[in-house]
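Working notes, structure below.
The values are calculated or read from the model by the stated rules, or taken from the named source; none is laboratory data. What you are looking at is a predicted structure, and each value in this text was computed from that prediction instead of being measured. Here the Cβ positions follow ideal geometry from the backbone for every residue, glycine too, while neighbour counts run over all protein chains shown.
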Amino acid sequence: MGHRPSVLQLAFWCLAVYLWVALGLFWLKSALITMIVYHLVLCGGGWLLLRPRRPLRFSITQGGVAAFALAGSFALTWLAMEYAIPLLLPQVLPDVTTRPLDALGLNARSYLPIALYFGLVNPLAEEALWRGRVLPILAGARSVAPNLTQSLVFAGFHVMPLTLMFSQAWLPAFVVFTGGFIFGLVALRTRGLLVPWALHAGANAYLLIWFGRFIGAGS
């Protein structure tokens, strides 16, 4: 009974954030404004509304493991994007198109500040809220189902931008879902956010390098 109000608040908060993302992408047509509003609503609204009994927090005592996770995540993402996925599904990754990216303000001039913002702020904000607060609200039963739920919702928030970049968005959406599930498992196992943040940041760092090729080609 004690968790029901929090879950209801979580549902309304998710709907509000999803509407803001849609507004930024399809009406304002700005990737940077969409991210800023997403993080403001994510952090501001989420921090005020979502109050689990035991939120997960960043802990510097896990710094050594986090450094290893950061490097390992970058390397694994590089291997997946450069070798594994092109070998197994060669028709999917080249689907990134430059026209929708440019329509969102993603071009050679704007890419560096957007990439820096995305690389630095996004992993911190998403881990603090999705794994730090959403997951503890759902994870009262300590089963695999809460982590699956937060992973599905987490991936759902990425579907709209992914459909603008890929004609076959199912693979990147599945990758985001898998990443969210792994980040959730690590957060629950370590009882902290520093290691999942490092995994998230390492993957994002290589993805920014990978997307930069398309930005440069379309400029």
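The residues of the stretch 1-29 that are among the small types (Gly, Ala, Ser), surrounded by 16 or more Cβ atoms within 10 Å (Cβ to Cβ) and modelled with pLDDT under 75 amount to a single one, Ser6. Looking across the stretch 67-77, just one residue is modelled with pLDDT of 95 or more and in contact with a Phe, Trp or Tyr (Cβ under 7 Å, 6 or more places away or on another chain), and that is Phe74.
Scanning the stretch 19-47 for residues that are among the hydroxyl-bearing types (Ser, Thr, Tyr) and under 19 Å from Val134 (Cα atoms) yields a single hit, Tyr38.
Test Gly192 against the criterion of being buried (at least 17 other Cβ atoms within 10 Å of the Cβ) and in contact (Cβ under 8 Å) with a residue 40 or more places away in the chain, and give yes or no. So Gly192 fits the description; yes. If you check Leu32, Leu42 for being within 22 Å of Leu208 (Cα to Cα), at pLDDT below 75 and under 16 Å from the mean Cα position of the chain (by Cα), only one passes: Leu42.
If you go through the stretch 40-89 and keep only what is among the polar types (S, T, N, Q), under 19 Å from Leu193 (Cβ atoms) and in a helix (DSSP H, G or I), you end up with Thr61, Gln62, Ser73.
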